[in-house]
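Participant: My questions all concern the structure below.
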Amino acid sequence: MFLAGERMKEVFLKAKKHRFGIIASNIVFDSQIRAIVQGYAAVNSDGLMQMSSGACKYAAGSSQDIKAGARFIAVMVKTFADQFTQSGVGLHIDHATPNYFDFIVYCIENNLVTSVMIDASQEELSENIRITKEVVNLAHKRGVIVEGEIGHIKGTEDEFVSETELYTKPEEALEFVRKTNVDLFAASVGTNHGVTKGAKVQLRLDLIKEIDDLLIHNGVERGLVLHGASGLTDEQQQTAIRNGVVKINKDTHYQMDMAAAIQAYWEKEKYAIVCPPNLSVDDYTPNKSKFDPRKWLIKGEDAMHETVRGFCLMSGSANNSILHK
Ligand SMILES: [Zn+2]
């Protein structure tokens with residue numbers, strides 16, 4: 001079922017209380033939406049779908065009309081999610097930098113989203129606080145959840161690249177949360193966006209606990225968010241959850257699954273669309289039963305479906321939906 005912001009707030013409060021993680025999955029295509037929403041539902045888990053500004057532009061086609069793209073994705077997510085009664089799904093805007101302020105306002109005012117991430121982490125702290133607070137004021141009037149961030153997460157984000165690795169300072173996190181009243185806080189703890197291996201990452205999972213303890217101690221407990229988690233081991237992610245993380249972002253892993261499954265299909269079924277070398281083109285007939293997009297896209301969907309189920313089991317959100325009876 002599609003969850004509005006107020007219900008999604010319940011999801012995150014439950015996750016924080018019982019220390020499990022909600023998987024936030026980046027999507028663009030309907031195949032991804034089908035695979036991931038069905039994956040959440042299959043294990044009675046709540047989950048979040050996230051769309052980046054780049055995803056919304058892509059979804060709009062050649063017009064690149066970001067608002068049209070957001071409406072299109074929101075309709076797909078809501079329509080599809082409403083089929084399932086034992087699991088809740090929200091829609092989130094991922095990494096919207098301050099130049100997307102109008103876009104955030106548009107999505108909030110048109111009830112397209114459950115939550116938004118305002119990422120002003122490239123600004124000075126005081127400016128980041130000012131911008132984030134403005135988004136919080138707008139969003140909270142409509143029951144929409146806000147995620148903010150300080151510090152940079154290394155690697156490629158949608159529209160900017162951060163080469164430096166800046167760990168979040170706990171005292172700055174406290175100041176940021178107090179002054180902005182964000183619902184979710186993304187800490188930079190050494191994860192990377194994109195493809196990385198757990199062993200190579202200079203992870204500071206202790207920093208998550210330090211930030212969480214400080215916020216709790218000062219009466220402003222929040223759900224923490226882990227970005228760039230595709231390359232981390234299960235143990236690392238479970239430690240992060242125990243230390244206070246309630247939202248784990250996943251993007252790259254799904255992309256690799258989808259590409260690998262479809263590549264394997266075409267390696268096996270190449271001659272369904274390519275004339276084999278031992279046959280003349282005149283004697284060759286492509287095999288419609290194999291090149292029909294439903295036959296190969298489903299391979300990607302099935303792979304992503306398995307992955308998201310695994311994520312929910314790993315993070316503890318399986319069988320913990322607020323709707324599950
Ligand atoms: Zn991120």
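Participant: Be a star and scan region 117-148 for residues whose amide nitrogen sits under 20 Å from the point 7 Å along the Cα-to-Cβ vector of Gln202.
Facilitator: Correct set: 122.
Participant: Give me the net charge for the shell around Gly90: Cβ to Cβ below 13 angstrom, other residues only, Lys and Arg +1, Asp and Glu -1. Before the final figure, lay out the partial values.
Facilitator: Details: positive: Arg7, Lys9, Lys78, Lys247; negative: Glu6, Glu10, Asp46, Asp82, Asp94, Glu147, Asp183.
Here the charged neighbours net out to -3.
Participant: Something else now. Report Rg(Cα)/(2.2 N^0.38 Å) for the chain, keeping two decimals. Present the calculation step by step, with values, prior to reporting the outcome.
Facilitator: Values: Rg = 20.5 Å, N = 325, 2.2 N^0.38 = 19.8 Å.
This ratio for the chain stands at 1.03.
Participant: Sticking with this one: For Lys268, go through the aspartates and glutamates and keep the ones whose alpha-carbon is under 19 Å away, minus same-chain ones fewer than eight residues off.
Facilitator: Cross-link targets: Asp257, Asp292, Glu301, Asp302.
Participant: Here's something else I'd like to know. Divide by every residue of the chain the summed helix terms, -39500 (n - 2.57) for each DSSP H run of at least 4, and state the resulting mean residue ellipticity at 222 nm, rounded to the nearest 500 deg cm²/dmol.
Facilitator: Numbers: 12 runs with 153 residues, N = 325.
Mean residue ellipticity, 222 nm, calculated: -15000 deg cm²/dmol.
Participant: Quote to one decimal, in nm, the extra length available between Asn218 and Lys67 on full extension: 0.36 nm per residue of separation minus the C-alpha distance between them. The partial results should precede the final answer.
Facilitator: Values: separation 151, 0.36 × 151 = 54.36 nm, distance 3.90 nm.
Value of the extension gain: 50.5 nm.
Participant: Moving on. Excluding the sites themselves, what is the longest stretch of the chain that contains no chymotrypsin sites (Phe, Trp or Tyr not before Pro) in a DSSP loop with at most 14 other C-beta atoms within 10 Å?
Facilitator: Numbers: sites that count: Phe160, Tyr167, Tyr284.
With a cap of 14 other Cβ atoms within 10 Å, the longest stretch comes to 1-159.
Participant: If you don't mind, there's one more thing I want to ask. Summarise the accessible area of the chain (1.4 Å probe, protein heavy atoms) by the percent that is carbon and sulfur.
Facilitator: Carbon and sulfur atoms account for 52 percent of the accessible area of the chain.
Participant: Another question, if that's okay. Which one of Gln50, Ala70, Gly316 has its Cα pushed farthest toward the positive end of the charge dipole of the chain, where Lys and Arg give +1 and Asp and Glu give -1 at the Cβ?
Facilitator: Sorting the options by dipole projection puts first Gly316.
Participant: Provide Arg130, Arg309 ordered by accessible surface of protein heavy atoms (probe 1.4 Å), highest first. Please list the in-between numbers first.
Facilitator: Values: Arg130 120, Arg309 80 Å².
Most to least solvent-accessible, the answer reads Arg130, Arg309.
The values are calculated or read from the model by the stated rules, or taken from the named source; none is laboratory data. Note that the coordinates shown come from a computational prediction; the quantities given were computed from them, not determined experimentally. Because the Cβ atoms are built from the backbone with ideal geometry, glycine has one as well, and the counts that use them run over all protein chains shown. Protein only, heavy atoms only, side chains kept; ligands, DNA and RNA dropped before computing areas. Shrake-Rupley method; radii C 1.70, N 1.55, O 1.52, S 1.80 Å.
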